[in-house]
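Below: one structure, written as structure tokens.
The values are calculated or read from the model by the stated rules, or taken from the named source; none is laboratory data. The structure displayed is predicted, hence computed values, not measured ones. Ideal geometry is used to build each Cβ from the backbone, glycine not excepted, and the neighbour counts take in all protein chains shown.
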Amino acid sequence: MGKLTVARRARCGPVRALLAAALLAWSPVLLAGAQVYEPLADSVQAALSRAISDKPPGRSSFPDSGEAAQWLNAMARRLEKKIPDRATRLDFLRTVHYEATRAGLDPQLVLGLIQVESGFKKYAVSRAGARGYMQVMPFWVKLIGAQNHNLFHLRTNLRYGCVILRHYLDIEKGDLFRALGRYNGSLGQAEYPNMVVAAWRNAWAYPARPADARAG
């Protein structure tokens, strides 16, 4: 994480609050690169296919109902302008939390990535052809999924995105900077990883600090 210098800026409360508000209000040009097709070993392909297997959630990803309510309320306030309908917003957040937790990812990191990749636009399509909230490249469906998988479907998109990011983290032995570069097709370049980590730390930090709460 030493390379991710943007994530360490804006230490003081007022500056952090302004930065968080600016990040949340920002409507980016779609920044998905092209997740690069790389041949997979049979064992890796099989493991990813199992991870994608589209089974309905069997249980909540929250430890208890109190934690669920606190997290959902905190995140929903910040997301209100992007997804105005409360029921849709809460369904989105529950799905993000479930799929991120299932893949061993921080849900706030995934929210930061979605903010940078698609600006929370469900039907976003990049110039490279990446689709949906997490801007997943269609070749992944053929590689590890099933023909009927729709990358504009909320849970399908988040399942693929989280599994792919987990895969890249495993390849890079936990190096988030390089994993994010792979996710965006910009391995070795600092701009995209820094933007995602800045959004993660400054717009989606949890538990919220007082300055962050005011920014939401």
On the basis of being in contact with a Pro (Cβ under 8 Å, 6 or more places away or on another chain) and under 23 Å from Lys55 (Cα atoms), does Leu176 make the cut? no
Kindly provide the set of residues from the range 103-120 that are under 16 Å from Ile83 (Cβ atoms) and among the charged types (D, E, K, R), ordered by number. Glu117
Could you list, in sequence order, all residues of the range 125-149 that are touching a Lys or Arg at 6+ places or on another chain (Cβ under 7 Å) and either on the phi < 0 side of the Ramachandran plot or part of a strand (DSSP E or B) (or both)? Val125, Tyr133, Pro138
Out of (1) in a helix (DSSP H, G or I); (2) touching a Gly at 6+ places or on another chain (Cβ under 6 Å), what's the single condition that is false for Leu187? (1)
Could you please find all residues in the range 192-216 being crowded, with 19+ Cβ neighbours inside 10 Å and at pLDDT below 90? Ala211, Asp212, Ala215, Gly216
Restricting to the range 94-120, count the residues that are outside any helix (DSSP H, G or I) and surrounded by fewer than 17 Cβ atoms within 10 Å (Cβ to Cβ). 3
